[in-house]
Ligand code: FDA
């Protein structure tokens with residue numbers, strides 16, 4: 001009878017951003033690591049990220065740019081593996097990069113370079129990679145994690161959950177990490193689509209006729225505000241400002257859009273003094289796209305010369321333009337979400353090592369954990385930092 005194969009020091013489930021970072025880090029420490037993915041190749045979400053150029057980190061990374069039931073949880077990992085650390089790795093691999101806006105760093109070339117970087121780090125660290133087969137079963141006995149794949153029992157002293165969340169299922173995204181977490185008694189914060197476009201109902205049909213029109217706005221939900229571009233779509237609202245606020249939004253609540261965030265208070269009355277013959281549509285059209293100016297003026301029912309309107313009506317119009325309410329009917333869901341908010345509860349994990357407090361050897365990293373970043377490279381930075389923290393601790 002042949003002896004059972006030697007267990008791996010760690011089996012990492014999910015060869016995405018977090019899983020590859022974790023496997024490479026642990027492998028470089030001399031550990032024997034197996035990295036498993038059910039997809040045909042590693043890093044498929046990285047390949048489509050940042051419009052194909054991968055917004056791989058953000059220079060302004062800070063814990064307050066992440067949503068979590070415990071806003072302090074991400075501090076330790078983000079503090080120990082920083083945007084500068086990942087940037088140094090990018091430079092070591094000779095990848096040219098640029099800052100686009102708001103601290104967002106992109107490859108000059110292609111997102112493929114980041115996948116190659118991670119695959120290269122894994123290979124150099126001796127990580128074994130198995131792609132293309134689903135994992136059928138996971139068990140824990142005799143101090144080892146047993147992963148059954150394709151009828152073969154693979155064992156590891158540690159098991160790392162890095163299978164992400166269910167956003168963009170057509171790319172192989174699943175809620176598998178949550179199932180395994182629950183199997184081991186870990187709590188899961190209700191997962192929901194985040195960084196996702198809104199849908200609008202018949203009350204806002206006029207705006208849907210603006211499909212393709214974009215404008216720089218400030219969008220508010222409660223005390224949260226983002227000042228970035230918004231895009232009207234045939235279904236509703238998208239663009240960076242809307243994606244950002246969607247992560248905070250709760251169903252059946254309104255959002256408010258400031259269409260002229262740069263305007264000084266009293267600007268419309270001032271306009272009336274200076275250009276009494278101008279109409280609202282023309283005044284708005286000086287700053288906003290013509291079609292949007294037209295719809296706003298139509299909605300405000302003030303499309304006549306400013307000089308013919310009293311100051312009170314103009315102040316009311318100004319206030320409305322600064323807090324234009326939209327009542328989203330929902331979002332475009334996981335099919336169009338860039339990330340999943342919620343996930344494996346941080347209450348059950350060590351913020352230093354990412355290990356489950358009550359299940360020694362079980363780790364969770366990346367998007368499957370209840371830590372969700374803003375748009376702009378923050379989610380990859382969380383994947384790198386949490387992957388690195390676990391890779392150091394295993
Ligand atoms: P990730 O999803 O990367 O990897 C999980 C892996 O697990 C996948 O390879 C999957 O195949 C595998 N898997 C799933 N279920 C499995 C199972 N049952 N068995 C085995 N394997 C399984 N972020 C950012 O910071 N900058 C950006 O530019 C972008 N751009 C972007 C664009 C688009 C279109 C999307 C959808 C998302 C982004 N993101 C982003 C978000 C970013 O892609 C995301 O936060 C990270 O990929 C999360 O990394 P993880 O490793 O946690 O999961």
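With respect to (1) more than 27 Å from the chain's Cα centre (by Cα); (2) within 14 Å of the ligand (Cβ to nearest atom), the lone exception for residue 128 is condition (2). Residues that are in contact with a strand residue (DSSP E or B) (Cβ under 8 Å, 6 or more places away or on another chain) and crowded, with 21+ Cβ neighbours inside 10 Å number at least 3 in the following strands (runs of 3 or more DSSP E) confined to segment 262-375: 339-344, 362-364.
Within segment 246-255, can one find any residue that is farther than 30 Å from residue 333 by Cα and surrounded by fewer than 17 Cβ atoms within 10 Å (Cβ to Cβ)? Walk me through how you get there before you give the answer.
Here is the first cut: in segment 246-255, the ones farther than 30 Å from residue 333 by Cα are none.
Scanning segment 246-255 turns up no residue that is farther than 30 Å from residue 333 by Cα and surrounded by fewer than 17 Cβ atoms within 10 Å (Cβ to Cβ).
For segment 237-248, the criterion of being touching a strand residue (DSSP E or B) at 6+ places or on another chain (Cβ under 8 Å), in contact (Cβ under 8 Å) with a residue 12 or more places away in the chain and in a strand (DSSP E or B) is met by at least one residue.
Just one of the listed residues (182, 157, 149) is surrounded by fewer than 22 Cβ atoms within 10 Å (Cβ to Cβ), in contact with a strand residue (DSSP E or B) (Cβ under 7 Å, 6 or more places away or on another chain) and within 13 Å of residue 368 (Cβ to Cβ), namely 182. Just give me the residues in segment 169-179 being near the ligand (Cβ under 6 Å from one of its atoms) and surrounded by 20 or more Cβ atoms within 10 Å (Cβ to Cβ), in sequence order. Passing the criteria: 173, 176.
Please count how many residues of segment 187-221 are away from the ligand (no atom under 16 Å from the Cβ) and under 25 Å from residue 67 (Cα atoms). Steps first, answer last, please.
Residues of segment 187-221 that are away from the ligand (no atom under 16 Å from the Cβ), as a first pass: 187, 190, 198-221.
Subset that is under 25 Å from residue 67 (Cα atoms): 187, 190, 198-200, 216-221.
Of the residues in that region, 11 qualify.
Taking the criterion of being surrounded by 15 or more Cβ atoms within 10 Å (Cβ to Cβ) and either near the ligand (Cβ under 8 Å from one of its atoms) or part of a helix (DSSP H, G or I) (or both), the residues of segment 54-78 that qualify are 54, 55, 56, 57, 58, 63, 65, 75, 76, 77, 78. Answer yes if at least one residue in segment 340-353 is under 18 Å from residue 247 (Cβ atoms), within 9 Å of the ligand (Cβ to nearest atom) and within 16 Å of the chain's Cα centre (by Cα), and no otherwise. Yes, segment 340-353 has at least one match.
Read the figures in this text as sums done on the coordinates, not as results from a lab. Note that the structure is predicted; figures quoted are calculated from it, not measured. Counting neighbours? That spans all protein chains shown, and the Cβs are built from the backbone with ideal geometry, glycine included.
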